[in-house]
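The values are calculated or read from the model by the stated rules, or taken from the named source; none is laboratory data. Note that the structure is a prediction, hence the values are computed from the model and not measured. Cβ sites come from the backbone with ideal geometry, for glycine too, and all protein chains shown count toward neighbours.
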Amino acid sequence: MLLLAGHVVRFPPSVWLDGAVAALAVAAFEAALVLPPVVAASEGSLAAIVTNLAYPLADLVLLMLVVATFALTGWRPGRAWLLLGVAFATSAIADSVYLLAVATGDYVEGTLLDSLWPAATVLLGLAAWQPLRPTAAVRIEGWSVLILPLLFAGAALGLLVANDVVAVNLAALLLAAATMVAAGARTALTFHEVRALADTRRQALTDELTGLPNRRRFFEELRVALPASARGDSTTALLLIDLDGFKEINDTLGHPVGNRVLSQIGARLRGALPERASLARLGGDEFAAILPLGIDGRAALALADQARAAIERLFAVGGLSVRVGASVGISVCPEHGTDPDGLLRRADLAMYEAKAAHSGARLYLPGQEVDHRDRLALAQDLRVALERDEIILHYQPKVELATGEVGSVEALARWQHPQRGLVEPGRFVPLAERLDLMGPLTRTVLERAMRQSAAWRRRGIDLTIAVNVSIANILDAGFPEDVAAALRRWAVPPGRLQLEVTESLVLADPVRAVDVLGRLGELGVGLSLDDFGTGHASLAYLKRLPVHELKIDRSFVQNMASDAGDAAIVRASLDLARTFGLRVVAEGVETTETWRQLEALGSDLARGFLLSRPLPASELVHWLERWEPARPELGSRATVRTPSHPERQPSPGRFRPEPV
């Protein structure tokens, strides 16, 4: 028993029942075949009868223990236990045959029977020399485990049936009946275990929060779906969906709110994608879908847009209305590979490109893996760049269309990498978003901007500086205190700082955003709504937001001279801004014709390459000294002045890349 306890850690009830079935069956046959002739041949006192029965009874106990042990170890007992079993069986056979021979008067000394006892002793010695296998959990599964218990139960049933033909003693019948009862209990327990195993397997393959298949189940389904496409019979498209702005919801509103948002994603995706699509939550805020056979890359892009639209609808969570975005990467088998890991990796690369370009969805293109390795190296450097003061600012002036005066500039982040040189924000800002570094990056830019404002003011240059803020900041209840501290630290008047937010940033959590923006407005800081016209802001939110300025996105301004639709959008934006009493900045002004058209429409400010590219602080001072107004009819040098209204320029939860 000590050997058994050290060999096996724990046995489930089914294993104990297997051992009981085997032991009871052996006991039944021992009682039927050995005990009757021994009892019949025993004469004399009760003590003599008990003495004669002691050996076969002891052997019976040993056989029950051995057989039960084999069952308890899943019928895989190991060499030591196998030798013990053979030794006990040999001893049991020798004792039983000896008693039968003595009872019938047929025993003769010096026969093969006498050699069985020393053989059993030798086997016991060999068993003691065998190294024990390391303790391991017994796995009880498959038909092979049930074969021997079924055979023992069948043998016991045969013994009961034989009683109709040949008289079997009561002890054997009772033991056989007990064997059948144990076998019945084992059968009932088996059905329960099978059902429990099915539930456990389902739970092991299902995401508890969303009810969708998990990563393991996803790969199982992907391995089943790919062979047909790999043979060239059809195509299988894979969507990888990553939520945008979800971490900020977790960080600011708490994980319970984030979990309630995630719990609604599965139903939305099911409604947006084909019925036969296989959905899964891979972990965190990452989801995947295997589209039905036959859907190519173009059709997958259309379905990805449907999935994004479903996700980006407002979520009602505990009295709050929150919004998240989504970036989707797409890979197609066999075009982009035929193995599950490779397809998922390429979909992830495409998703990253979509996130970096804020394009929503991207189809994998060859060559992206090389770029990905470069980005991984860049990501490692970015974490230390914030500590090493490698983030610098360039400034792009904003000019009054009516007078040509320059009263403000926009601060744009650049990374002065020690090996790569100047890295544009289009390369490192998406990395910061993915590495959850947007909050620290924004605070770094804010600190640099206030330090530069203080330096300029000491030289008599009084400019308002616009800084883009991220969603991590605008949903951070402590951000207004951080801004106030930076203003005090550098003795900058609040009106000389302008914070830019985008529509999508505000709509991620309108209630929280309105509260934080309101507190920033109370500081006297200017606020601007950036990329106006590209998001989903309603007039109701526009009315509630404490902003004084709209920035019309460059995508509408650049082509307004040649595109009547873009011109109409710019005109409508200007009319709307005037209705709400807001100043307007037109971004992306690159031609004199665009300047004149904006002036005719009544835009307040312009920013773009027609005026200047983003410049380092020292070069901006020289530019201001040389600046001549872009209006052809203005012949004199424009002056640098402080605008009468604080300029608030929007910026998404990111620093928008500016070409150089």
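Could you tell me whether LEU505 is surrounded by 24 or more Cβ atoms within 10 Å (Cβ to Cβ), among the hydrophobic types (A, V, I, L, M, F, W, C) and assigned by TED's automatic domain parsing to the domain that holds GLU390? So LEU505 passes the test.
The residue pairs whose first member lies in the stretch 235-246 and is farther than 12 Å from ALA304 by Cα, whose second member is surrounded by fewer than 24 Cβ atoms within 10 Å (Cβ to Cβ) and hydroxyl-bearing (Ser, Thr, Tyr), and whose beta carbons are closer than 7 Å, counting only pairs six or more residues apart or on different chains, are THR235/SER229; THR236/SER229. Among the residues of the stretch 249-269, those that are closer than 17 Å to LEU303 by Cβ and either in contact (Cβ under 8 Å) with a residue 60 or more places away in the chain or buried (at least 16 other Cβ atoms within 10 Å of the Cβ) (or both) comprise ILE265, GLY266, ARG268, LEU269.
Screening LEU240 on (1) more than 14 Å from LEU279 (Cα to Cα); (2) touching a strand residue (DSSP E or B) at 6+ places or on another chain (Cβ under 8 Å); (3) of a type outside the set (S, T, N, Q) shows it passes everything except condition (1). One residue stands out among those in the stretch 510-528 that are small (Gly, Ala, Ser) and either touching a helix residue (DSSP H, G or I) at 6+ places or on another chain (Cβ under 8 Å) or surrounded by fewer than 23 Cβ atoms within 10 Å (Cβ to Cβ) (or both): the one that is farthest from ILE471 (Cα to Cα), which is GLY524.
With respect to being in contact with a Lys or Arg (Cβ under 6 Å, 6 or more places away or on another chain), farther than 22 Å from ASP436 by Cβ, of a type in the set (S, T, N, Q) and surrounded by 23 or more Cβ atoms within 10 Å (Cβ to Cβ), SER331 fits the description.
Let me confirm something: among GLY521, GLY565, which residue is at pLDDT 90 or above and outside any strand (DSSP E or B)?
Testing whether each residue is at pLDDT 90 or above and outside any strand (DSSP E or B) leaves just GLY521.
The C-beta contact set for the stretch 282-311 (first residue exposed (fewer than 14 other Cβ atoms within 10 Å of the Cβ), second residue assigned to a loop (DSSP other than H, G, I, E, B) and among the hydroxyl-bearing types (Ser, Thr, Tyr), distance under 8 angstrom, 6+ apart or interchain) comprises GLY294/SER234; GLY294/THR235.
Of everything in the stretch 222-248 that is of a type in the set (D, E, K, R) and farther than 18 Å from ALA347 by Cβ, the residue that is nearest to the chain's Cα centre (by Cα) is LYS247.
Let's see how each residue does on (1) touching a helix residue (DSSP H, G or I) at 6+ places or on another chain (Cβ under 9 Å); (2) among the polar types (S, T, N, Q); (3) not assigned by TED's automatic domain parsing to the domain that holds ALA300:
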residue: HIS358; (1), (2), (3): yes, no, no
residue: LEU378; (1), (2), (3): yes, no, yes
residue: ILE392; (1), (2), (3): yes, no, yes
residue: LEU412; (1), (2), (3): yes, no, yes
residue: PRO418; (1), (2), (3): yes, no, yes
residue: GLY421; (1), (2), (3): no, no, yes
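Condition check ((1) out of contact with any Leu (no Cβ under 7 Å at 6 or more places or on another chain); (2) assigned to a helix (DSSP H, G or I); (3) in contact (Cβ under 8 Å) with a residue 24 or more places away in the chain; (4) surrounded by fewer than 17 Cβ atoms within 10 Å (Cβ to Cβ)) across all residues:
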position: MET450; (1), (2), (3), (4): no, yes, yes, no
position: ASP476; (1), (2), (3), (4): yes, no, yes, no
position: ALA485; (1), (2), (3), (4): yes, yes, no, yes
position: ARG488; (1), (2), (3), (4): yes, yes, no, yes
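Note on the stretch 184-218: among residues that are over 14 Å from LEU279 (Cβ atoms) and at pLDDT 85 or above, the one that is surrounded by the most Cβ atoms within 10 Å (Cβ to Cβ) is ALA185.
Here GLY439 meets the list (1) crowded, with 23+ Cβ neighbours inside 10 Å; (2) in contact with a helix residue (DSSP H, G or I) (Cβ under 6 Å, 6 or more places away or on another chain); (3) free of Cβ contacts under 8 Å to residues at least 40 places away in the same chain almost entirely, failing just condition (1). Taking the listed residues LEU344, LEU320, LEU363, the one that is of a type in the set (A, V, I, L, M, F, W, C), at pLDDT 85 or above and farther than 22 Å from ARG215 by Cβ is LEU363, with no other qualifying. Within the stretch 316-341, residues that are part of a helix (DSSP H, G or I) have Cβ atoms under 7 Å from residues that are surrounded by fewer than 22 Cβ atoms within 10 Å (Cβ to Cβ) and not hydrophobic (A, V, I, L, M, F, W, C) in these pairs: PRO340/ARG223, counting only partners at least 6 apart in sequence or on another chain. Comparison of LEU386, LEU412 shows that the only residue that is touching a residue at least 60 places away in the same chain (Cβ under 8 Å) and of a type in the set (A, V, I, L, M) is LEU412.
If the condition is being surrounded by 16 or more Cβ atoms within 10 Å (Cβ to Cβ) and modelled with pLDDT under 90, then the stretch 386-403 contributes only LEU386. Checking each residue of the stretch 250-267 against the condition of being at pLDDT 85 or above, part of a loop (DSSP other than H, G, I, E, B) and over 24 Å from GLU433 (Cβ atoms) gives no match.
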